[in-house]
1. Using a Förster distance of 35 Å, how high is the FRET efficiency between Ile43 and Ala135, based on the Cβ-Cβ distance and rounded to 0.05?
2. Taking H as built 1.01 Å from N, whose amide H comes closer than 5 Å to the amide H of Gly161, not counting residues under 5 places away?
3. Can you sort Ile41, Ile98 from fewest to most other Cβ atoms within 10 Å of each residue's own Cβ?
Amino acid sequence: MKLLCKVQITTFFIYPINERIYSDYMKGITPVIAIILLLLITISMAGFAFVFLQRSLEETTSGVESDLETQMNRQRQKFSIDNIDPISGGQGEAVIYIRHIGSVVADTSVLTVYVNNTPVTCEWGAGGAQAGSWAPGVVKSCNTTTIGCSGDSEIQISGPGNKDSRDC
């Protein structure tokens with residue numbers, strides 16, 4: 001077997017004479033394939049990350065939107081005390097006239113009435129006929145027997161959007 005010595009600038013290759021090695025001719029293709037594979041891997045990872053983050057952001061956004069809408073509706077339910085009318089001859093009985101000054105329909109159950117920082121029970125209108133839905137701008141009466149209006153009593157109302165107080 002005869003050996004052929006092939007000389008290149010920096011490398012010596014020794015091959016048998018009758019055999020041709022094709023890898024010498026294909027040396028430039030391997031780095032190109034490696035770069036293409038690395039690019040494909042990188043692109044697929046970026047695509048996976050994009051899809052994952054997009055789903056996560058959609059879920060987060062929908063949750064935030066519903067929470068924000070709920071909070072905004074609460075802030076739009078505002079009330080003010082229009083008048084306090086002590087019932088003459090009654091033992092601590094009074095009628096508190098409360099106006100809904102908000103911008104959305106509220107319910108009487110969202111409002112709490114306090115006398116000197118103590119919650120009291122309201123009977124909304126005659127026999128509770130005014131209880132329930134409360135449109136903006138409407139005045140409702142809170143009839144209570146536990147106010148005990150004296151010169152130093154403070155009546156407070158507390159709704160989701162605000163608080164109001166007035167001396168009796």
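1. Working: r = 58 Å, r/R0 = 1.65.
So the FRET efficiency works out to roughly 0.05.
2. The list, which skips near neighbours in sequence, is Gln77.
3. Ile41, Ile98
A short reminder: the numbers here are calculations on the coordinates, not readings from a lab. What you are looking at is a predicted structure, and each value in this text was computed from that prediction instead of being measured. Because the Cβ atoms are built from the backbone with ideal geometry, glycine has one as well, and the counts that use them run over all protein chains shown.
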